[in-house]
1. Among the listed pairs K63/K376; K2/K63; K41/K224, which are separated by more than 23 Å between their Cα atoms?
2. Would you mind checking region 184-207 for residues with the amide N under 18 Å from a putative spin-label position 7 Å along Cα→C-beta of A337?
3. Using a Gaussian network for the chain with springs between C-alpha atoms less than 10 Å apart, which of these wobbles most: F165, F53, F231?
4. Cut-off 10 angstrom, C-alpha nodes, Gaussian network model of the chain. Which of F395, F76, F411 fluctuates the most?
5. What residues qualify as long-range amide H neighbours of I387, i.e. H under 5 Å apart, gap of 5 or more or another chain, H built at 1.01 Å from N?
6. Could you give the alpha-carbon Rg of region 312-404 over 2.2 N^0.38 Å, rounded to two decimals?
7. Expressed as a rounded percentage, what relative contact order does the chain have, with Cα pairs under 8 Å and six or more residues apart?
8. So, in nm, how far is label V44 from label I141 when the simple model puts each one 7 Å beyond its Cα toward the Cβ?
Amino acid sequence: MKSRRTTVWDMFATWVGANANNGTWFVGGVLAACGFAVAMKVLVLSSALSYVFLSLIGYIGYKTGVSTMSISRASFGERGSYLPSLVNITQFIGWTAVNTFIAAQSVSLLFHQLFGWPVWGQRGGATGLVVGIIVMSVLHIISVSSGSRSVQLIERLGIILVLVFVIWESIAVFRTVSFSQIVDWHVPTHSKMALGAAIDYVAAFNLAWVTAGADFTRFTASKKNATLTPFGGALLGVIWFAFIGLISTISIAVSTGVYDANNSDPSTIASKLGLGVVALLVIILTSMTANAVNLLAAGSALSNIFTKLKLKYSLWVVVLLATIVTFIPMFVGSFLATFESFLDYVGMVLGPTIAIICTDFYFRAHRHYDIDQLGKIGGKYWYNGGINWVAILVFVIGVAFFLTVHQLPFFTATVGATFIDMALSGILYYGIMSLVDRKGAEKC
């Protein structure tokens, strides 16, 4: 506790900054396919429910003082925790790549305005995008070089820049169209997004932060700062910036008469609104605020697998991997298609993972883990050869359930599959583990 120095402001800035970024803006733009009113309802309700789990994980980090992936050893087993760690590595590398690609488009547009280089989508436009990806990757290495402290400094600067940019963006939007025009805009029938699909879309986006919760809340000595601050900060950040992406995209659709979800990225919108070079620079900097959190979480997960690897070197490894992944949309041809496939993956694997961790701590362990036993071969959390096969089985069932139902008309039109999948995974885990415990007690 004496070593925990994260203040309320640091925690708040971290979680607002985590969502006040290019990816959140893009999510808001794509949600425009629901129409303004439905998009806002989905955004608020799905985000709030997702961040309840952020508070739950945040409290575990405060209580135990260890990272989320180290916590997963208690439910998945010492070696079984490699599975959620791999999930965390892949999804945070993916989010880093998403933000990097969007920021690289801003770099490409910047070079276009300053030097006349062709932009992405034009002949020869790949050069500017490749240079942008490399520039962003170098900035990421610099930003994470000093660990969690550098992340805090970046967030403090980033939140101020974001505040200025959001005000500027809002003024530019409402100079173009009125708020009533945005509210009254109707989505073209062929572009409309179903309610359940939107719920899953937003849930996957928000749940991605949940598995990073304890990585930051373990550095605070206040229970409220570990639970309420992340919830409030993350919720404010996602509603705030997704709202800007939503109204910006609808304003372009209203003024041009054309809605295209592929044009929802902030670089394209900033260019169409005529915000200029400064706006592109701010987009680049705000991507660093989000990716600092992404990379720290991915590095922590990698360190959970390779315990002898220092966090600094883990961060360098994940930056390199994220750089490679960022090039994928260039070969697929559509950033939106790549992004939507990635969100399906995130929702599929994170739902069961989070449900198992929370169910184990709150319902089976009654909010107490024996921290001295974490990491011990043959210890309390060793299970069978270091793996809790019940957790692995429930994870597989949860993934299979999501794959089976998330495209079914009932789920896409109503509640989505993500939260149903989480409830199912939690109930199954608790039920099967109770049977295992009962049989073990009978043998004794």
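1. K41/K224
2. Once the point is set 7 Å along Cα→Cβ of A337, 191 turn out to lie under 18 Å by backbone N, inside region 184-207.
3. F165
4. Ranking F395, F76, F411 by mean-square fluctuation puts F411 first.
5. Answer set, sorted by chain and number: R79, G80.
6. 1.46
7. Across the chain, relative contact order equals 33 percent.
8. 4.6
None of the figures in this text is laboratory data; all of them are computed from the coordinates on show. Everything quoted here is computed from the prediction, not taken from an experiment. Cβ coordinates were reconstructed from backbone atoms using ideal geometry, including for glycine residues, and neighbour counts include every protein chain displayed.
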